[in-house]
Amino acid sequence: MSSQFILVIEANLSVSSWGAKISTTEPTDERSALDLLERVIRGEALDVYTPHKKGISVRVDERTYLDLSVSKATPARQTRLTVAEVVAERS
């Protein structure tokens, strides 16, 4: 079996983490998952995630980005987007 990867989206994280939402994409090969991550950060895959309107995106490493809200009108929020390898499947 070849390695499979997913994009994990941990949306609306805050100090209290109240209201956080975790979602994932379907497993795919590593290059496709990394390409999707890049498209998501550029706002080109709105069906997967919509970046904060007033915010910035920062690259933590090759597989992880943070999308940070910078609006003074609302509490600070961030979304962590990570490409992760599937290491086990259970059914």
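The values are calculated or read from the model by the stated rules, or taken from the named source; none is laboratory data. All figures in this text were calculated on a predicted structure; none of them were measured in a lab. In this analysis, Cβ positions are derived from the backbone assuming ideal geometry, glycine residues included, and neighbour counts consider all displayed protein chains. The protein model used for the area step is the full one, side chains on, heavy atoms only, and it has no ligands, DNA or RNA in it. Shrake-Rupley method; radii C 1.70, N 1.55, O 1.52, S 1.80 Å.
Quick rundown of the values:
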| read-out | value |
| --- | --- |
| Matching residues, the stretch 49-68, being of a type in the set (A, V, I, L, M, F, W, C) and within 15 Å of VAL8 (Cα to Cα) | VAL60, LEU66 |
| ARG31 more than 13 Å from ASP67 (Cβ to Cβ) and not hydrophobic (A, V, I, L, M, F, W, C) | yes |
| Subset of the stretch 73-88 (residues that are hydrophobic (A, V, I, L, M, F, W, C), touching a residue at least 60 places away in the same chain (Cβ under 8 Å) and outside any strand (DSSP E or B)) | ALA76, VAL86 |
| Exclusive hit being more than 14 Å from VAL8 (Cα to Cα) and modelled with pLDDT of 95 or more, set ARG31, ARG90 | ARG31 |
| Total residues in the stretch 35-49, condition out of contact with any helix residue (DSSP H, G or I) (no Cβ under 9 Å at 6 or more places or on another chain) and open to solvent by less than 80 Å² (accessible area, probe 1.4 Å) | 7 |
| Counted residues, the stretch 11-27 - those being in a strand (DSSP E or B), modelled with pLDDT under 95 and either buried (at least 17 other Cβ atoms within 10 Å of the Cβ) or out of contact with any Asp or Glu (no Cβ under 6 Å at 6 or more places or on another chain) (or both) | 4 |
| Those residues of the stretch 73-86 which are exposed (fewer than 15 other Cβ atoms within 10 Å of the Cβ), β-branched (Val, Ile, Thr) and either within 22 Å of TRP18 (Cβ to Cβ) or at pLDDT below 95 (or both), in sequence order | THR74 |
| Residue in the stretch 50-72 that is open to solvent by less than 40 Å² (accessible area, probe 1.4 Å), in contact (Cβ under 8 Å) with a residue 12 or more places away in the chain, out of contact with any Leu (no Cβ under 9 Å at 6 or more places or on another chain) and not hydroxyl-bearing (Ser, Thr, Tyr) present | yes |
| Exclusive hit being part of a helix (DSSP H, G or I), open to solvent by 30 Å² or more (accessible area, probe 1.4 Å), polar (S, T, N, Q) and out of contact with any Gly (no Cβ under 8 Å at 6 or more places or on another chain), set SER91, SER2, SER32 | SER32 |
| Filtered residues of the stretch 52-72 (kept if in a loop (DSSP other than H, G, I, E, B) and farther than 19 Å from ILE6 by Cβ) | HIS52, LYS53, LYS54, VAL70, SER71, LYS72 |
